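Student: Handing you a structure now.
We did not get these values from a lab; they are worked out from the coordinates using the rules stated. Everything numeric here is computed off the predicted structure, so don't read it as measured data. Ideal geometry is used to build each Cβ from the backbone, glycine not excepted, and the neighbour counts take in all protein chains shown.
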Amino acid sequence: MKENRIEFANFQWIDLENPKLGELTDFIKPYGLNTHLLQDLVQVGHLPKLEKVGEFTFLLLRAFSAKPNGKLTTIPELSNKIGFFFTDEILISVHQKPFEFLGEISGHFENPESLILKIIEKMVETYEAPANWLSEQMDHFESDVFLGRKKRFSVEQLYFAKAKARGCKKVLHLTQTLLLHLSVQPSNEAQLQDLKESVSSLILQFEDFLDEANSLLNIYLSSNSQKTNEVMKLLTVFSAFFLPLTFLVGVYGMNFKFMPELNWEYGYYLTWGAMLSISIAIFIWFKVRKII
């Protein structure tokens, strides 16, 4: 377990990185914290949570930690969590994976709430990269579909992009709910309101992507279906032309000795004339019916 302590004027921040369950249990005993919350910290896929435990407030949030273009679909694969225990005098943060932005946080903080809101701000900012990447991907998808480059369009890539958007949207929705229920001192209300607006903006970006992705997929499938219908229509037209001609060829291809037409002097030319007449009649009918 890696432990980092920072002393501020009015409180202390203790950051614990990659603690084992036993180490974490021993660490929190002096603070009188309930050990059942440790299970939430250890579980890989636990979703955001807010809970009051005695004099401590327990807050669990998730930050995006995967590569935007990776083929990942689940929330535990896309993000990692940070747990917070805090009062007016102390802040304890617990996380299994390292986060660079934690080491970049500096400045003067009046209380643990202002520091937590700053950390949450950094966590929310991690979702900006996948939101921007998904927006760029959507531009590529639309270009491939609408500009006649359908062979370059990948349904698999669209699936993974939608999975990322769904996962991020779900986490941000839960984060938004927690922020709505989080009570802070009046001096921190403006910072909290900015966070709420940032989360709402990101949620809208992911929702827009999902709506556009669903519409684009329907357009792509409809386009492919239309192309298939055109091919079937062409095959049907050819069949309509050749079916009666095949019938004539089949009749005069039979090996019966006493077929009266076989001895006609101009039978060959009459047969060709009949086939041409049938073909012209079918063509005229198709034109009248606006089939071709």
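Student: Scanning the chain for helices, which whole DSSP H stretches are 30 Å or more long along the axis (Cα) and average -1.0 or more by Kyte-Doolittle?
Tutor: 155-181, 189-252, 267-288
Student: Ranked by Cβ crowding within 10 angstrom, fewest neighbours first, how are 289, 166 ordered?
Tutor: Fewest-to-most Cβ neighbours within 10 Å comes out as 289, 166.
Student: Quick one: longest stretch of the chain between exposed loop chymotrypsin sites (Phe, Trp or Tyr not before Pro), exposed meaning at most 10 other C-beta atoms within 10 Å and loop per DSSP?
Tutor: 1-255
Student: If you add up the charges near residue 215, with Lys and Arg at +1 and Asp and Glu at -1, over every other residue whose beta carbon is less than 11 angstrom from its beta carbon, what do you get?
Tutor: Result for the neighbourhood of residue 215: -4.
Student: Just to be sure I understand: of the beta bridges DSSP finds with both ends in the chain, what percent are antiparallel, rounded to 5?
Tutor: 80
Student: I want to check the label-to-label distance for residue 40 and residue 170. Put each point 7 Å from Cα in the C-beta direction and report it in nm to one decimal.
Tutor: Roughly 1.8 nm, to one decimal.
Student: Separate question: Pairs to check: 169/233; 52/196; 81/162; 20/164; 29/196; 52/97. Give those whose C-alpha atoms are more than 32 Å from each other in this structure.
Tutor: Violating the 32 Å limit, Cα to Cα: 169/233; 29/196.
Student: Mind giving me the FRET efficiency for residue 219 and residue 183? R0 is 41 Å, r the Cβ-Cβ distance, nearest 0.05 is fine.
Tutor: For R0 = 41 Å, the calculated efficiency reads 0.30.
Student: Could I ask something else about it? Would you compute, from DSSP H runs of 4+ residues alone, the mean residue ellipticity of the chain at 222 nm, taking -39500 (n - 2.57) per run and dividing by the full residue count, rounded to the nearest 500?
Tutor: Only helices count here, giving -20000 deg cm²/dmol.
Student: With Cα Rg over 2.2 N^0.38 Å defined as stated, name the option among [x] 1.41; [y] 1.83; [z] 1.24 computed from the structure displayed.
Tutor: It is the one labelled [y].
Student: Cut-off under 15 Å on the C-alpha distance; same-chain residues fewer than 8 positions from residue 49 excluded. Which aspartates and glutamates are left, in chain and number order?
Tutor: Partners within reach: 40.
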